[in-house]
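J.: Take a look at this one; I'll ask things after.
The values are calculated or read from the model by the stated rules, or taken from the named source; none is laboratory data. Nothing here was measured: the structure is a model prediction, and the numbers come from that model. For neighbour counting, all protein chains shown are included, and Cβ atoms are generated from backbone atoms with ideal geometry for every residue, glycine included. Ligands, DNA and RNA are excluded from the accessible area calculation, which covers all protein heavy atoms including side chains. Shrake-Rupley method; radii C 1.70, N 1.55, O 1.52, S 1.80 Å.
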Amino acid sequence: MRTHVSLAFKTLALLAAASLAACGGGGSTTSSIPVAPTGSKVLNNIVGVGDSLTAGYQSGGFLGDTSLADPFYPGLNVPPGQESGWWSEFYMAATGANYTTMANPATSVLPLIAKPGLSNQLVPNNPAVTGVNLPFLPLSQAIPGHGCDAFSKAGYSLSTFGTTRMNPAASPKDLGVPGITLHEAITMYQPNEATCAALPGPLAILQPLLSEAGPFYPVLGTYASTVSPLTMLNAAVAQRPTLTTVWLGANDVLHYTFSGGAFTGVDTTAAQTQADMTQIITSLQKSGSAVVVANLPNVLQTPFFFSIAMPTSAQQCSLQANLYCLLVSPLVGLPAANAQAIVNGMATQYSLGTTGYVTLEGVIAELSASTPFSVNLDQAAGGNGNGSMYINAAFAPKVQAENDALNTGINAAAAATGAALVDVKTVFEDIYTGNTADPSAALALSVNPGKCCSLAYYGGLLSFDGLHPSNTGYALIADMFIQAVDAKFGTSVAPVSPAAVYNGTGPIPFPDPYAQH
């Protein structure tokens, strides 16, 4: 999952071809399926397969180093995401490891990314330092503020990727590769571009869809000498895990969405999704692993997407990301009449109707303009902004249909193979609607009512990019995985408390920096 996207998608054939570049090979095909362990033995060797959500990506950045100084807040460091991700929190609860172990390059099972990290990290602005009166800096100015520099370029080569990691010789258990799609977890065996430098000519339109290329070797590179072909699935199978967590598919939805529906080189049907997920699950089961998989939240309910519909109540503003609610909130502070006029104008200009959305990237573009809300979002996107800057009324149902197809396929694969299922979709929907009859939704909504945790922007569940969870959100997801594993495999892992993580009294030894207190 990525927050930086572009709308210059013109050639469908090129897009589909790019998705197949550097792909080949597949999962293990052991002839018989051994009996997976049960009870406490399930926890002996835990491996994670996934994308940026499993990797612990936060607020647009991929960082494990705890010592990156925050240039906008003197005396503070940028909070690393990897150690605070759900997989790290799940692993700590299941094995007895602690935060110090996970943050220490000598003992961590994470592929700790060194400072300044891969990708820019979106942080609150400090006007006293920057002189800019905006709630957030433009993505181009966010921490760490580097582009395609020597640090980033090193990740694309087997001979140099180690310089991007704090523990270059370690063999990580968390194999989450930011940007990777469901099918790529099976087939991708090397970066599908050679460098982060801009692709030439018409190929430049593919750049945003190759987001998995930069972190591929930094995560999987240490397995290159022992696993062939070097796919994420093969690296996981080679470790003979007793339990594998699998959470994939979010990038299939996002690549489709951010391209305005032009990019179809991803899983787009329930049948495709079920086939790919089944291959992953059964390959792991053949290696002797118990498997737990998660489905996907409805992406349009995450606070990267601001609904254009006028809110019907104050409660709706507290639960959901809504453009009008954001504009009148303390983060932006516009008078109600001005906010209403902006919402109406954008709805008309971009054919949003009452069912469309403006994305966080579109909001940042407007707030960053010398005259706020004077930007043409189509021009800012370099073409048609539908997909990255906004989602119009005609496209929104197509995004939802893609999201639903992925979830149907994931659920079917779990049911057919006997894998445990974490129903993230339902829990996030219940948080979105305030349904406290759902125990996990009630747990999130009760952390600090009015401040944390909901799916409103800066509602505490997600970090500042609106797509990747906060420490508290990751804790909720870790607890959901624990419940699913305990119920399916007879383990008794201690729960992870979202409230304790929010307050800094749980496994993460500092209060959640992405949630209001």
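J.: Looking at Ala36, Ala128 in this structure, which one is farther than 26 Å from Pro218 by Cα, free of Cβ contacts under 8 Å to residues at least 12 places away in the same chain, open to solvent by 30 Å² or more (accessible area, probe 1.4 Å) and over 25 Å from the mean Cα position of the chain (by Cα)? Break it down into steps so the answer makes sense when it comes.
T.: Details: Ala36 fails: free of Cβ contacts under 8 Å to residues at least 12 places away in the same chain.
Of Ala36, Ala128, the one residue that is farther than 26 Å from Pro218 by Cα, free of Cβ contacts under 8 Å to residues at least 12 places away in the same chain, open to solvent by 30 Å² or more (accessible area, probe 1.4 Å) and over 25 Å from the mean Cα position of the chain (by Cα) is Ala128.
J.: If you don't mind, another one. For residues that are part of a strand (DSSP E or B) and touching a helix residue (DSSP H, G or I) at 6+ places or on another chain (Cβ under 8 Å), scanning just segment 43-63, find the one that is nearest to Gly85 (Cα to Cα). Give the steps one after another, and end with the answer.
T.: Step one: of segment 43-63, the residues part of a strand (DSSP E or B) are 46-50, 58, 61-62.
With touching a helix residue (DSSP H, G or I) at 6+ places or on another chain (Cβ under 8 Å) added as a condition, the list becomes 46-50, 58, 62.
Details: Ile46: 15, Val47: 14, Gly48: 12, Val49: 14, Gly50: 12, Gln58: 8, Phe62: 11 Å.
Among them, the one singled out is Gln58.
J.: Are there any helices (runs of 4 or more DSSP H) wholly within segment 122-227 with 3 or more residues that are more than 30 Å from Tyr73 (Cβ to Cβ), and if so which?
T.: Details: elements: 127-130, 150-154, 184-187, 213-220.
Because the criterion is at least 3 residues that are more than 30 Å from Tyr73 (Cβ to Cβ), the helices (runs of 4 or more DSSP H) in segment 122-227 that meet it are 184-187, 213-220.
J.: Which of the residues spanning segment 238-260 are of a type in the set (A, V, I, L, M), farther than 28 Å from Leu360 by Cα and open to solvent by less than 10 Å² (accessible area, probe 1.4 Å)?
T.: Step one: filter segment 238-260 for residues of a type in the set (A, V, I, L, M), giving 238, 243, 246, 248, 250, 253-254.
Pick out the ones that are also farther than 28 Å from Leu360 by Cα and you get 238, 243.
Passing the criteria: only Leu243.
J.: If a residue must be surrounded by fewer than 20 Cβ atoms within 10 Å (Cβ to Cβ) and hydrophobic (A, V, I, L, M, F, W, C), how many such residues does segment 301-316 contain?
T.: Qualifying residue count, segment 301-316: 3.
J.: Another question about this same structure. Checking the structure you have, find out if any residue of segment 64-78 is out of contact with any Lys or Arg (no Cβ under 9 Å at 6 or more places or on another chain), open to solvent by less than 40 Å² (accessible area, probe 1.4 Å), assigned to a loop (DSSP other than H, G, I, E, B) and modelled with pLDDT under 90.
T.: Yes, the conditions are met somewhere in segment 64-78.
J.: What are the residues in segment 268-297 that are within 26 Å of Leu455 (Cα to Cα) and open to solvent by less than 10 Å² (accessible area, probe 1.4 Å), if any? Outline the logic, then answer.
T.: In the first step, residues of segment 268-297 are kept if they are within 26 Å of Leu455 (Cα to Cα); the result is 268, 292-297.
Val292, Val293, Ala294, Asn295, Leu296 - these are the residues of segment 268-297 that are within 26 Å of Leu455 (Cα to Cα) and open to solvent by less than 10 Å² (accessible area, probe 1.4 Å).
J.: Only one of Thr312, Thr278 is more than 20 Å from the chain's Cα centre (by Cα), farther than 20 Å from Ser470 by Cα and assigned to a loop (DSSP other than H, G, I, E, B); which?
T.: Values: Thr278 fails: assigned to a loop (DSSP other than H, G, I, E, B).
Sole residue among the options that is more than 20 Å from the chain's Cα centre (by Cα), farther than 20 Å from Ser470 by Cα and assigned to a loop (DSSP other than H, G, I, E, B): Thr312.
J.: Out of segment 81-106, which residues are touching a Ser or Thr at 6+ places or on another chain (Cβ under 6 Å), open to solvent by 10 Å² or more (accessible area, probe 1.4 Å) and touching a residue at least 24 places away in the same chain (Cβ under 8 Å)?
T.: Ala103
J.: Are any residues in segment 424-464 part of a helix (DSSP H, G or I), farther than 30 Å from Leu63 by Cβ, free of Cβ contacts under 8 Å to residues at least 40 places away in the same chain and open to solvent by less than 60 Å² (accessible area, probe 1.4 Å), and if so, which ones?
T.: Initially, segment 424-464 is screened for residues part of a helix (DSSP H, G or I), giving 424-433, 439-445.
Then keep just the ones that are farther than 30 Å from Leu63 by Cβ; that gives 426, 429-430, 433, 439, 442.
Narrowing the set further to residues that are free of Cβ contacts under 8 Å to residues at least 40 places away in the same chain leaves 426, 430, 439, 442.
Matches in segment 424-464: Thr426, Asp430, Ala442.
J.: Could you give every pair whose Cβ atoms fall below 7 Å, whose first residue belongs to segment 337-357 and is over 16 Å from Val399 (Cβ atoms), and whose second residue is surrounded by 15 or more Cβ atoms within 10 Å (Cβ to Cβ) and of a type in the set (Lys, Arg), counting only separations of at least 6 or pairs across chains?
T.: That search, which allows pairs on different chains as well, returns nothing.
J.: May I pose another question? Go through segment 81-102 and give me each residue that's out of contact with any helix residue (DSSP H, G or I) (no Cβ under 7 Å at 6 or more places or on another chain) and either part of a helix (DSSP H, G or I) or modelled with pLDDT under 95 (or both).
T.: Hits for segment 81-102 are Tyr91, Thr100, Thr101.
J.: Taking the condition of being outside any helix (DSSP H, G or I), crowded, with 19+ Cβ neighbours inside 10 Å and either touching a Ser or Thr at 6+ places or on another chain (Cβ under 8 Å) or modelled with pLDDT under 95 (or both), how many residues in segment 385-423 meet it?
T.: Number satisfying all stated conditions: 6.
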